[in-house]
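A.B. asks: Here you go, one structure.
The values are calculated or read from the model by the stated rules, or taken from the named source; none is laboratory data. Quantities reported herein were computed from a predicted structural model and do not represent experimental measurements. Virtual Cβ from ideal backbone geometry, glycine too; neighbours counted across all protein chains shown. The accessibility values were calculated without ligands, DNA or RNA, using every heavy atom of the protein model including side chains. Shrake-Rupley method; radii C 1.70, N 1.55, O 1.52, S 1.80 Å.
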Amino acid sequence: MKIYIKSLILLIGLCGFHLIGNATSVYLHQKFTGNVNYSVFGASELQETGGYWDCTGTDNNSATLSLPASATVKAAYLYWYVMESNNTDDTIPYIAISNTAPVTFPGTSSAINISSTRSFNETVPEPVSGGTYSYAGRFVDISLQVKALSNPSGTYRVDVQGGASTTACAYTQENVRGWNIIVVYEDSTVINNAYSINIYDGMVGFLDSSVSIPVSGYEVLAAPTAGSLTVVSIQGDLDIPGEYMTTTDPAFPSFPADYANGSPGPALDIDTVNGNFTAASTSMNLNAGSNEDLILLTNIVLRIPDALASNNTSLTLVSTVQNDDGGTAGINDLGIST
């Protein structure tokens, strides 16, 4: 038997902050509850070696998703990013970010053009020269395309359009051209272990400064309290030390020193920390900073245990959140199957 019940729209931004430049505030975009887990993967097209004028090459625009055989995809979100201007050196030409991206899915031989539905922008000041670095991002829900695949695991290829032109490129340590995908999936083999997954998105940068990012819209159980926190950031460089990220949750561990070090590729970082959250807590701050490196935060994914578990029920609740920067709100189904 399968029953569908309409869920309520959350009408407020449960997580938001306004910082420097033209930052797009980061808000809770989507929340999932049930026997769910997530995967975040992506690639940077830059072939950085640490020198100047070294951001050519488009061979590094593929990444692999590996899901359990028992996984059922609930949602998939694609983000892509570029640096659109650098007026600290106006001799470098740039191309505006494209609102479309050619995407090749696993098991397919040709790319299809995917159009974005939301945009992010950020301008970061350079404290010495007084100039600015400007970045742009795009978002699109690719859940339908990924769900239609006979096997969603495999290699994805995204050709990001825009950024530094093909005849010249930016100073290595500020340039960006990359993408990432967040996949939320239900695992039918997980019994009596329900979780909540919150996905926050936007674009906020910092250089030789610090930020404090409020994260809310969740509630940790009295027990168990073990979960995970993933942060996606762009532009971090391997050869520039001094960045840090901690949380104000006293039970949860800090991110490793120099976390934004260009993994899985130059100008893209996907960092996950696992640990226990404070029982019954409902909010925390992410405190991040940099002594030298320029870093932009784009995604935060939080996964914590949830009370919605039973012996014979598979339940997934999806809530779409309206944010102040034009994010799409809607009503999604709560599917209960027994």
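A.B. asks: At 1.4 Å probe size, what's the solvent-accessible area of Ser212? Round to the nearest 10 Å².
C.D. replies: For Ser212, the solvent-accessible surface is approximately 50 Å².
A.B. asks: Round to the nearest 0.05 the FRET efficiency obtained for Thr100 and Ala69 when R0 = 35 Å and r is the Cβ-Cβ distance.
C.D. replies: That gives a FRET efficiency of 0.60.
A.B. asks: In square angstrom, rounded to the nearest 10, how much accessible surface does Glu84 have for a 1.4 Å probe?
C.D. replies: Around 50 Å² of this residue is reachable by solvent.
A.B. asks: Where the centroid of each part is defined by its Cα atoms, how far is the stretch 281-308 from the stretch 134-157 in Å?
C.D. replies: 23 Å
A.B. asks: What's the local net charge at Ser98, with K and R +1, D and E -1, over the other residues with C-beta under 12 Å away?
C.D. replies: Neighbour charge sum, excluding Ser98 itself: 0.
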